[in-house]
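In what follows, a single structure is set out as structure tokens and then discussed.
The values are calculated or read from the model by the stated rules, or taken from the named source; none is laboratory data. Bear in mind that the values here come from a model prediction, so they are computed numbers and not experimental data. Cβ placement follows ideal geometry from the backbone for every residue including glycine, while neighbour counts extend to all protein chains displayed. For accessibility, only protein heavy atoms count, side chains too; no ligands or nucleic acids. Shrake-Rupley method; radii C 1.70, N 1.55, O 1.52, S 1.80 Å.
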Amino acid sequence: MEGPRLPQSVQRLQAALSKRYALERVIGSGGMATVYLAEDKKHRRQVALKVLRPELAAELGAERFLREIEIVAQLQHPHILPLYDSGHARGLLYYVMPFVAGGSLRGRLKRDERLPLEDAVRLTRAVALALDYAHRRDVVHRDIKPENILLSEGEPVLADFGIARAPSPGHAGELTAGGLAVGTPTYMSPEQVTAERTLDGRSDLYSLGCVLYEMLAGQPPFVGPSARATMALHAVRPPPAIRTARPDVPDYLDRALSRALAKEPGDRFACLQEFAHALTGPGRVPPATIGAPVPIGKQAIAVLPFVNTSADPEHEYFSDGVTDELIDALAKVERLQVVSRTSSFAFKGSQRDVRDIGMQLDVSVVLEGTVRKAGQRIRITAQLTNVADGRHLWSERYDRDLEDVFAVQEELARTIVNTLRRTLVGDVGEPVPKRYTENLRAHTHYLKGRYFLNQRSPEGFAKATEHFEHAIAADPDYALAHTGLADSYSIQLDYRGVPVAEGMERARREAQRALDLDDELAQAHTSLAWVQFIYDWNWDAAERGFQRAIALNPSYATAHQWYAWLLMARNCPEDALGQARASLELDPISISIRRSLGWLYYYARQTPEAVAHLRQAVARDPTSEESHRVLGLALTQHQRFDEAATAFREALAISPESPYSLAGQGLLEARRGQPEHTKAVLEQLTQMTQHRYVSPVAFTMVLVALGEHDRAFEWLERAYRERRGWLAYLEVEPVLDPLRSDRRFTDLVERMGLGGRGPNADG
């Protein structure tokens, strides 16, 4: 249905911006602005274009508005909606931001009225940390309300910075002659109501407290018969006791909320970070269980990549290795949460302030340092910083012989834990150092192997394999090296279109050898379970392996990630998505995990969510052919064909001969009613087989799209003989939907041992 006609003033704005944006329809309207869904023509993406109401624009002035927008454009936080663009055209002020399809917290409150305790706390903590980040840059929001908290895949994203800061303090609580309030009366702090000339972050704290109260009670703490009456209640009346409306609110949460809603700013928390920590209760650490890993928070540390200060840049592997070893050692300390490697290494080379990094990773302390290797001597410096105030808790320098590197790492771990006990986190366990080898040569090759494996490139896999082989030759009983070699052989199959048998059989042998050497190595259980799942199709054994890995190390994100794929293959979508979300919580900056979550949503037929996550994966790494390709599949399923075409073009620009991206493009053309283009893709794949291996999966996709089912089944049988991992997803792969009523398909499902597990397996 066509949306409301654009006002005449906005038609003028559309004319002025016609080369850049195409306004489509109104998606929101408030006292200060109207929001339009628009197309960003340059980047071919949907955006939200917010236009300030002309009467407010006249009051504020264009220069002030644009200057404030420039300030907000510097804010970079995962829970703050970024600004794409802003400007002044035809007498109207506007700014452009991402379009968040998940709606706002207001929409959820309208639907659910009251939220579960854990959801209300989780959302509030995330917004509080985003606000704390902004406040430390002297930006105060001044209009915190459910409408300005958008939900992207259930995660909060704070919107409408800039406009809320644009007024002078003297206007903060006033109503204009037209009845417009800068701020929203239901959530205004007492100092906003009384038009205090100096507002700080504690005003936002009060407003967020009102939002939390509403999430718990089902209504805000103060609602009067008019805007002025509501504002007066904020100024003079104490808030109603939350436990009257919600008896299950625990004591610590009641106390935190009451303090946030104090009338005097000095009686509230000093900052939003304190409020965020108070919401989890003093010293509370939720128990670690399968599917519910301990959330990162106050008792958490991030180990940033140690900087290589050696004269030889090739010693980068060594500084990365020291970082990895420390992360691994600290991760074994009970009740201490350690940010995953992927998230920490996302900040490698960053010049950002360590407090900013710590806040983004949601930790209380950050460890950073340098490594210098010269001949047989090493120098390691390390420094521990308190994120809350930037204070250095401890620093040290170690000058040792290279052969002492194991002892240095163990000493570092012990010192860090003892320092944390004395200063911040209190009762955590003892470090449990474990040396997997005493052979320095084997250890060096292992570090190099992991360094190249993490590059996730064909060249990197080749070098990683070589170094792991050398490590095992130097020490055949080095369990970690066997695990590394197993991963080299299994993971590389995701990046190269090659037959799988040789690689998977070798991966199995190496993982099993690692377990023979150390049955408590979570990485080895995960590696073996992956082979049992994706190659052996031994679903029960794989499930036992993943569960064992998670029980040994609940914070091992990869185990949750790969277990999610198994659960999806067994047609348990909710359990699968739960594991995938747990993985993302443990490793929030991982592109691979973000892409996995999007892919799993695609398999679960929740396409809008799939598209949202896959776009985030693309944004984090625009050079990933796989992310563009899966995004193209999801958009095709969602019948957003033009956007899908763009995604496949991007994928093929990165990897012109990717059989899977070509097959996706062929599928898209068939769905668009262009079968002749799909046949051209089929011919291209056929010609490609003359000089390289092409997976039968690619041919199956194209032939199903063309409706040539007999030929499609021939290629499916070939995929079965080659044990292609894609067949594990027979029951959930949307591409195969046209074949599901065919007896040959049900026969294949039975031969695979699938069916009868998931909630939709009654028939």
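Cβ-Cβ under 7 Å, sequence separation 6+ or interchain: first residue in the range 633-645 and touching a residue at least 60 places away in the same chain (Cβ under 8 Å) and within 18 Å of Glu39 (Cα to Cα), partner assigned to a helix (DSSP H, G or I) and not hydrophobic (A, V, I, L, M, F, W, C). Which pairs?
No pair meets every condition.
Note down all Cβ pairs under 9 Å where the first residue falls in the range 273-288 and is on the phi > 0 side of the Ramachandran plot, the second is modelled with pLDDT of 50 or more and not in a loop (DSSP other than H, G, I, E, B), and they're at least six residues apart or on different chains.
Pairs that qualify, where the first residue is on the phi > 0 side of the Ramachandran plot and the partner is modelled with pLDDT of 50 or more and not in a loop (DSSP other than H, G, I, E, B), are Gly281/Asp251; Gly281/Tyr252; Gly281/Leu253; Gly281/Ala256.
So, restricting to helices (runs of 4 or more DSSP H) that lie completely within the range 515-610, which ones have at least 1 residues that are at negative phi and in contact with a Gly (Cβ under 7 Å, 6 or more places away or on another chain)?
By residue number, 522-534, 539-552, 573-586.
Which one is nearest to the chain's Cα centre (by Cα), of the residues in the range 662-695 that are surrounded by fewer than 20 Cβ atoms within 10 Å (Cβ to Cβ) and small (Gly, Ala, Ser)?
Among those that are surrounded by fewer than 20 Cβ atoms within 10 Å (Cβ to Cβ) and small (Gly, Ala, Ser), it is Gly673.
If I filter the range 594-610 for residues that are at pLDDT below 85 and buried (at least 21 other Cβ atoms within 10 Å of the Cβ), do I get at least one hit?
Yes, some residue in the range 594-610 is at pLDDT below 85 and buried (at least 21 other Cβ atoms within 10 Å of the Cβ).
With respect to His560, is the statement that it is modelled with pLDDT under 90 and buried (at least 23 other Cβ atoms within 10 Å of the Cβ) true?
Answer is no for this residue.
Residues that are touching a helix residue (DSSP H, G or I) at 6+ places or on another chain (Cβ under 7 Å), modelled with pLDDT under 85 and open to solvent by 20 Å² or more (accessible area, probe 1.4 Å): list the strands (runs of 3 or more DSSP E) wholly contained in the range 13-123 that include at least 1 such residues.
85-89
Just wondering, is there one or more residues in the range 646-664 that are under 24 Å from Ile491 (Cα atoms), touching a Phe, Trp or Tyr at 6+ places or on another chain (Cβ under 8 Å) and of a type in the set (A, V, I, L, M, F, W, C)?
Yes.
Only residues that are crowded, with 24+ Cβ neighbours inside 10 Å and at pLDDT 95 or above: list them for the range 534-548, please.
Of everything in the range 534-548, those that are crowded, with 24+ Cβ neighbours inside 10 Å and at pLDDT 95 or above turn out to be Ala542, Gly545, Phe546.
I'd like the residue in the range 333-389 that is on the phi < 0 side of the Ramachandran plot and among the basic types (Lys, Arg) and, out of all such residues, is surrounded by the fewest Cβ atoms within 10 Å (Cβ to Cβ).
Arg352
Can you tell me which residue in the range 223-271 is nearest to Leu131 (Cα to Cα), limited to those that are among the charged types (D, E, K, R) and part of a loop (DSSP other than H, G, I, E, B)?
Residues of the range 223-271 that are among the charged types (D, E, K, R), as a first pass: 228, 237, 243, 246, 248, 251, 254-255, 259, 263-264, 267-268.
Checking the rest, the ones that are also part of a loop (DSSP other than H, G, I, E, B) come to 237, 246, 248, 263-264, 268.
Working: Arg237: 26, Arg246: 26, Asp248: 27, Lys263: 20, Glu264: 19, Arg268: 15 Å.
So, considering only residues that are among the charged types (D, E, K, R) and part of a loop (DSSP other than H, G, I, E, B), the one nearest to Leu131 (Cα to Cα) is Arg268.
Quick check on Arg615: is it in a helix (DSSP H, G or I) and basic (Lys, Arg)?
Considered against the rule, which asks whether it is in a helix (DSSP H, G or I) and basic (Lys, Arg), Arg615 comes out as yes.
It is to be established whether one or more residues within the range 503-512 are closer than 17 Å to Asn439 by Cα, open to solvent by less than 20 Å² (accessible area, probe 1.4 Å) and either at pLDDT 90 or above or basic (Lys, Arg) (or both).
Scanning the range 503-512 turns up no residue that is closer than 17 Å to Asn439 by Cα, open to solvent by less than 20 Å² (accessible area, probe 1.4 Å) and either at pLDDT 90 or above or basic (Lys, Arg) (or both).
Give me the residue from the range 127-143 that is surrounded by 23 or more Cβ atoms within 10 Å (Cβ to Cβ) and more than 24 Å from the chain's Cα centre (by Cα) and, out of that set, nearest to Gly390 (Cα to Cα).
Ranking the candidates gives His141 first.
Restricting the search to the range 734-754, which residues are open to solvent by less than 40 Å² (accessible area, probe 1.4 Å) and within 21 Å of Val531 (Cβ to Cβ)?
Within the range 734-754, Met752, Leu754 meet the criteria.
Pick from the range 619-631 the residues that are in contact with a Lys or Arg (Cβ under 9 Å, 6 or more places away or on another chain) and buried (at least 17 other Cβ atoms within 10 Å of the Cβ): which of them is modelled with the lowest pLDDT?
Checking each candidate, the answer is Ser624.
When the range 650-659 is examined, which residues are found to be open to solvent by 60 Å² or more (accessible area, probe 1.4 Å) and touching a helix residue (DSSP H, G or I) at 6+ places or on another chain (Cβ under 8 Å)?
Selection gives Glu650, Ile654, Glu657.
Under 6 Å between Cβ atoms, at least 6 apart or on separate chains: pull out the pairs that start in the range 384-401 with a residue that is closer than 10 Å to Val365 by Cα and end on any residue that is assigned to a loop (DSSP other than H, G, I, E, B) and not aromatic (Phe, Trp, Tyr).
From residues that are closer than 10 Å to Val365 by Cα, the pairs are Val387/Ser364.
Do we have Val140 as outside any helix (DSSP H, G or I), closer than 30 Å to Thr198 by Cβ, of a type outside the set (Lys, Arg) and touching a residue at least 12 places away in the same chain (Cβ under 8 Å) here?
In short, yes.
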